[in-house]
Amino acid sequence: MKNIIDIMPMETDTLEFAATDSGDWFFYCHILYHMMSGIDRVFCYENSPANSLIPDPKLAQRKLFADDRAFHFMAENDFETNGNDGEAMYQSTRWSIGTKWRLGYNDYHGYETETDIGRYIGKMQSLMPFIGFDWRYRKMGVDEQERNLFG
């Protein structure tokens, strides 16, 4: 039998089930990235016989929970007729370091990059304070150019 329960990120729910076999029970999200981000847990009953396939259960648990904090890299880049847009991020379930760019093929199309680092706050991770900078350049006319804090 298969049961599906929708659980929001960092939400705490209570599950009640009858386990008829002793040993370890693995609960997981069916999406591999989610599972690697920590949406998986191993449960076992007290006084269950030890799993002979896991010689050091405490070390195995530390390794399982360490995956929850692992960083991953992602990037995308779009080519268009007047330039390209892209984004690159290095993230874990708590931290995000990223940059976005817009590169025109000439000075009149302009160039822009926005880079930041932030940390997700709270159980629901709906708030991420961050710090970063924005740099841009675009030629406006013969002797004009768009200016920012850095000139």
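The values are calculated or read from the model by the stated rules, or taken from the named source; none is laboratory data. Predicted model only: the values in this text are computed from it and were never measured. Note that each Cβ is placed from the backbone with ideal geometry, even for glycine, and that neighbours are counted across all protein chains shown.
What tally of residues in the range 110-126 results from selecting those that are surrounded by 15 or more Cβ atoms within 10 Å (Cβ to Cβ), touching a residue at least 24 places away in the same chain (Cβ under 8 Å) and out of contact with any Asp or Glu (no Cβ under 9 Å at 6 or more places or on another chain)?
2
List the number of the failed condition for L103; all other conditions in (1) surrounded by 11 or more Cβ atoms within 10 Å (Cβ to Cβ); (2) out of contact with any Lys or Arg (no Cβ under 7 Å at 6 or more places or on another chain); (3) outside the structural domain of G132 (by TED's automatic domain parsing); (4) not acidic (D, E) hold.
Here L103 meets the rest and fails (3).
Which pairs turn up if I take residues in the range 12-39 that are within 18 Å of R62 (Cα to Cα) and look for partners that are of a type in the set (S, T, Y) and at pLDDT 75 or above with beta carbon separation below 6 Å, at least 6 apart in sequence or on another chain?
Close Cβ pairs satisfying both conditions: M35/Y28; S37/T93; G38/T93.
So, in the range 4-32, how many residues would count as being modelled with pLDDT under 75 and either outside any loop (DSSP other than H, G, I, E, B) or in contact with a Gly (Cβ under 6 Å, 6 or more places away or on another chain) (or both)?
1
Name every residue in the range 115-131 that is within 17 Å of the chain's Cα centre (by Cα) and either assigned to a strand (DSSP E or B) or on the phi > 0 side of the Ramachandran plot (or both), in order of residue number.
T115, D116, I117, G118, R119, I121, G122, Q125, L127, F130
D134: assigned to a loop (DSSP other than H, G, I, E, B), acidic (D, E) and either in the same structural domain as Y33 (by TED's automatic domain parsing) or more than 30 Å from T12 (Cα to Cα) (or both), yes or no?
no
Return a yes/no flag: does the range 29-40 have any residue that is touching a strand residue (DSSP E or B) at 6+ places or on another chain (Cβ under 7 Å) and among the small types (G, A, S).
no
Quick test of your reading of the structure: L53 fulfils all but one of (1) closer than 30 Å to K139 by Cα; (2) surrounded by fewer than 13 Cβ atoms within 10 Å (Cβ to Cβ); (3) among the aliphatic types (A, V, I, L, M). Name the failing condition by number.
Single failed check for L53: (1).
Quick one: in the range 52-111, which of the residues that are β-branched (V, I, T) and touching a helix residue (DSSP H, G or I) at 6+ places or on another chain (Cβ under 9 Å) is nearest to L32 (Cα to Cα)?
T93
This table checks each residue for (1) assigned by TED's automatic domain parsing to the domain that holds Y105; (2) exposed (fewer than 13 other Cβ atoms within 10 Å of the Cβ); (3) on the phi < 0 side of the Ramachandran plot.
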position	(1), (2), (3)
P9	no, no, yes
T14	no, yes, yes
A18	no, yes, yes
I39	no, no, yes
K58	no, yes, yes
D78	yes, yes, yes
N84	yes, no, yes
Q91	yes, no, yes
R94	yes, no, yes
